[in-house]
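Participant: Can you read through this structure? Questions will come right after.
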Amino acid sequence: MRSPAQLVDAFRAQGLKVTPQRQLLFRLLHDNDRHPTADTLYAQATSEMPGISLRTVYQTLTDLTAMGELDQVTFGSGPAHFDPNVADHHHAVCDVCGAITDVYVDGADQLAIDGLAGFRPDSASIVFHGSCASCART
Ligand SMILES: [Zn+2]
Ligand SMILES: [Zn+2]
């Protein structure tokens, strides 16, 4: 995801309005590695700017996703998480506290995989489930 200032320009170039609410969301999402849901982002935004609407949060997330600034990731039947890291990566999900961490797999295309013969993959996503370092300690 580009910087908040670059996003302001990109939104204006597309004829989209850039309100202070949207600029707050750009700032909260930039370099955010916590994979927020719309609800957690809304809670965080409300604490800084009471009165911001959930609708604005959803609309901004939809626009940023459509512009390729955010990836949307889901794990099982859970809610969508928004990821400003649009580089190729995978995730580790802590089933105790819910923390989601970025994981990089080198040579994922070299893995010994059975059952893909004849299938042409466009992408792959690996999700590790378990306990994060701080939950595993307790
Ligand atoms: Zn944890
Ligand atoms: Zn991620």
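Participant: Fewest to most neighbouring Cβ within 10 Å: what's the order for Cys97, Cys132?
Facilitator: With the sparsest Cβ surroundings first, the list reads Cys97, Cys132.
Participant: How far is helix 54-66 tilted off the main Cα axis of the chain, in degrees rounded to 10, range 0 to 90?
Facilitator: 60 degrees
Participant: For a distance above 26 Å, tell me the whole-number percent of Cα pairs in the chain that qualify.
Facilitator: Taking all Cα-Cα pairs of the chain, the fraction more than 26 Å apart is 34 percent.
Participant: Binning every alpha carbon pair distance of the range 4-70 at 5 Å from zero, what are the percents per bin?
Facilitator: All Cα pairs considered, the percentages come to 3, 17, 34, 27, 15, 4.
Participant: Which angle between 0 and 90 degrees, to the nearest 10, do you get for helix 4-13 versus the longest principal axis of the chain when only C-alpha atoms count?
Facilitator: Relative to the chain, helix 4-13 is tipped by roughly 70 degrees.
Participant: Another question, then. Have a look at Leu16, Leu41, Leu70 and tell me which one the Gaussian network model of the chain (Cα, springs below 10 Å) gives the largest fluctuation.
Facilitator: Leu16
Participant: Then there's this: Give me a comma-separated list of calculated 3J(HN,Hα) values for the range 38-44, in order, Karplus coefficients 6.51, -1.76, 1.60 applied at θ = phi - 60°, integers in Hz, x for any Gly or Pro.
Facilitator: Whole-Hz 3J(HN,Hα) from phi for the range 38-44: 4, 5, 6, 5, 4, 4, 5.
Participant: Something else now. At 222 nm, what helix-only mean residue ellipticity would the chain give, in deg cm²/dmol to the nearest 500, using -39500 (n - 2.57) for each DSSP H run of four or more?
Facilitator: The helix contribution divided over the chain gives -10500 deg cm²/dmol.
Participant: Please give the Cα centre distance for the range 12-73 versus the range 104-132, rounded to the nearest Å.
Facilitator: 30 Å
Participant: So for each of 20-28, 45-53, 113-121, 79-87 I average, over its residues, the number of other beta carbons within 10 Å; can you give me the resulting order with the highest mean first?
Facilitator: Output ranking for 20-28, 45-53, 113-121, 79-87: 20-28, 79-87, 45-53, 113-121.
Participant: Return the long-range amide H neighbours of His90 (sequence gap of 5 or more, or a different chain), with a cut-off of under 5 Å between placed amide H atoms.
Facilitator: Val103, Tyr104, Val105
Participant: Continuing with this model, one more query. I'd like the Karplus ³J(HN,Hα) series for the range 115-130: coefficients 6.51, -1.76, 1.60, θ = phi - 60°, whole numbers in Hz, and an x wherever there's a Gly or Pro.
Facilitator: Taking θ as phi minus 60°, the curve returns x, 9, 4, x, 9, 10, x, 8, 7, 9, 9, 9, 10, 9, 10, x Hz for the range 115-130.
None of the figures in this text is laboratory data; all of them are computed from the coordinates on show. As the structure is a prediction and not an experimental result, all values here were calculated from the model. As a convention, Cβ positions derive from the backbone with ideal geometry for all residues, glycine included, and neighbour counts pool all protein chains shown.
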